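Below you'll find the structure, written out as structure tokens, and then a few comments.
The values are calculated or read from the model by the stated rules, or taken from the named source; none is laboratory data. These numbers come from a predicted model, not from an experiment. Backbone-built Cβ (ideal geometry, glycine too); neighbour counts: all protein chains shown.
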Amino acid sequence: MRFRCVTLLFLLAALAGCGERGDSGEVWRFALEEVEGSVQWAYAREFKSMVEARTDGEVTVRIHPYGSLGTSADLTQQVRQGALQFTFASPGHLGSVVPEVQLLTLHFILSDDNRVNHEVLTGNQRFNQLLDEAYRERGLTLYSIVPEGWMVWTAGTPLRNPADFDGVKIRTMVSPLLLSSYKAYGAKPSPMPYGEVYGALQMDMIDAQVNPVFAIQEMSFHEVQSAMTRARHAQFIATVASAPGFIDGLSAERRAMLDEIRGELAGFIFDKQRELNDKRLAMIEDSSDIEIIELDDSQRAAFRERSLPVRDEYVELAGERGRKLLDTLVQAIEQADAAD
Ligand code: 6CS
């Protein structure tokens, strides 16, 4: 698998930065961190149909679902080298490359109202610009922020308060602050790539994992877990990153097209993630006897309190720009909540 990815990487890197030219025009490669049927797949399919229609077929978007080009870390490397034009890059995996983006992994930082989160994350220009600066410094460009729904915890038993996490080996994505977030609850976080989680749960190498509901269903994690705890502690927020200089190097007309598409996709994917998360929850309920637990406000408050020091750790790691991002996000969420 590793060999295949490296070979592919070299082949694709030869196409460096600009879209490859195929028989019938230009090809833009778009890689996903998720499988077919996922939120990222729905986003990429809509992106593809919009781009192809609006360029009158001059551009073909080729979608590479999870697994075909390697792990999230591999995809980030490939887009930085210009072998891909676009890739999903989740803050949970990108933190060691872009420390600032780990803000989006912090717990209890968002509104309880998901529409507010959607509006702020996709619509706040200052926030998006600051994050784009951080991406550009590390050889990436931020195309869009894509919230994919609330994360839930699955484990062998319910996780109703921090004491229930004591010694629990929970799989996390690999960004350093995710480890701090779960250590703060007393858990033993165990980072690993997405594709290894099912096997690790099945073999009892880990006890628990955390993901949005649609992903749990499509990766079958519910089949090897007994309890699902819903704490609304964090959203799964992805970003779409682009190759350095790729968007900047396009014609003004194409750049305007991509801006327009980003705006339209924000509304499309907000509805789609809700639909997929709701449908997949019903599928899990129908096909398994997993216990589903919804935490109340006082249970959530106990986790929130434990999570607060991780914000200081974030600022230490992410520096001045990180502090600005944190302040901008918290303020924008407060204002939007108040206006609601
Ligand atoms: O847990 C993960 O690693 C993955 N989860 C989702 C929902 N998307 C991509 C990410 O890599």
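Could we say that Pro162 is of a type outside the set (S, T, N, Q) and within 16 Å of the ligand (Cβ to nearest atom) here? Walk me through how you get there before you give the answer.
On the way: of a type outside the set (S, T, N, Q): yes; within 16 Å of the ligand (Cβ to nearest atom): no.
When the stated conditions are applied, Pro162 does not pass them.
Asp259 satisfies every condition listed in (1) in a helix (DSSP H, G or I); (2) closer than 30 Å to Gln85 by Cβ; (3) touching a residue at least 12 places away in the same chain (Cβ under 8 Å) except (3).
From the list Leu201, Leu276, which residue is under 17 Å from Asn114 (Cα atoms), surrounded by 17 or more Cβ atoms within 10 Å (Cβ to Cβ), within 13 Å of the ligand (Cβ to nearest atom) and aliphatic (A, V, I, L, M)? Spell out the reasoning first.
Numbers: Leu201 fails: under 17 Å from Asn114 (Cα atoms).
It is Leu276.
Output the residues belonging to the range 130-143 that are part of a strand (DSSP E or B) and surrounded by 23 or more Cβ atoms within 10 Å (Cβ to Cβ). Break it down into steps so the answer makes sense when it comes.
Keep residues of the range 130-143 that are part of a strand (DSSP E or B), which gives 141-143.
Once the filter is applied, which keeps residues that are part of a strand (DSSP E or B) and surrounded by 23 or more Cβ atoms within 10 Å (Cβ to Cβ), the range 130-143 yields only Tyr143.
So Ser298 clears everything in (1) out of contact with any Ser or Thr (no Cβ under 9 Å at 6 or more places or on another chain); (2) of a type in the set (Ser, Thr, Tyr); (3) under 23 Å from Glu148 (Cα atoms) except one condition, right? Which one? Against the list (1) out of contact with any Ser or Thr (no Cβ under 9 Å at 6 or more places or on another chain); (2) of a type in the set (Ser, Thr, Tyr); (3) under 23 Å from Glu148 (Cα atoms), Ser298 comes up short only on (3).
So which residues in the range 58-90 are among the basic types (Lys, Arg) and in contact (Cβ under 8 Å) with a residue 40 or more places away in the chain? The answer is Arg80, and nothing else.
Taken over the range 90-105, the residue count meeting the criterion of being within 14 Å of the ligand (Cβ to nearest atom) and touching a Leu at 6+ places or on another chain (Cβ under 7 Å) is 5.
Yes/no matrix, rows are residues, columns are (1) surrounded by 16 or more Cβ atoms within 10 Å (Cβ to Cβ); (2) away from the ligand (no atom under 15 Å from the Cβ); (3) farther than 26 Å from Ser180 by Cβ:
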{"position": "Gln217", "(1), (2), (3)": "yes, no, yes"}
{"position": "Phe221", "(1), (2), (3)": "yes, no, no"}
{"position": "Arg232", "(1), (2), (3)": "yes, yes, no"}
{"position": "Gly263", "(1), (2), (3)": "no, yes, yes"}
{"position": "Arg280", "(1), (2), (3)": "yes, no, yes"}
{"position": "Pro309", "(1), (2), (3)": "no, yes, no"}
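Tell me yes or no: at least one residue of the range 41-60 is in contact with a helix residue (DSSP H, G or I) (Cβ under 9 Å, 6 or more places away or on another chain), within 13 Å of the ligand (Cβ to nearest atom) and at pLDDT 95 or above. For the range 41-60, residues in contact with a helix residue (DSSP H, G or I) (Cβ under 9 Å, 6 or more places away or on another chain), within 13 Å of the ligand (Cβ to nearest atom) and at pLDDT 95 or above: present. Per this entry, Phe236 is counted among residues that are within 13 Å of the ligand (Cβ to nearest atom) and either surrounded by 15 or more Cβ atoms within 10 Å (Cβ to Cβ) or touching a residue at least 24 places away in the same chain (Cβ under 8 Å) (or both). Evaluating Pro212 against the criteria (1) away from the ligand (no atom under 14 Å from the Cβ); (2) touching a helix residue (DSSP H, G or I) at 6+ places or on another chain (Cβ under 8 Å) leaves one unmet condition, (1).
For the range 69-89, which residues satisfy the criterion of being of a type in the set (Gly, Ala, Ser) and within 11 Å of the ligand (Cβ to nearest atom)? Explain how you work it out, then say what you get.
To start, the set of residues in the range 69-89 that are of a type in the set (Gly, Ala, Ser) comprises 70, 72-73, 82-83, 89.
Within the range 69-89, Ser72, Ala73, Ala89 meet the criteria.
For Ser38, the requirement of being within 15 Å of the ligand (Cβ to nearest atom), under 30 Å from Glu334 (Cβ atoms) and at pLDDT 95 or above is not met. Scanning the range 101-125 for residues that are touching a Ser or Thr at 6+ places or on another chain (Cβ under 9 Å) and farther than 21 Å from Glu305 by Cα yields Val101, Val120, Thr122, Asn124. The helices (runs of 4 or more DSSP H) found wholly in the range 171-240 and carrying at least 2 residues that are among the β-branched types (Val, Ile, Thr) occupy 213-218. Of a type in the set (Ser, Thr, Tyr), within 16 Å of the ligand (Cβ to nearest atom) and over 30 Å from Ala184 (Cβ atoms), is that true of Tyr66? No.
Screening Val315 on (1) farther than 22 Å from Tyr135 by Cα; (2) modelled with pLDDT of 95 or more shows it passes everything except condition (1).
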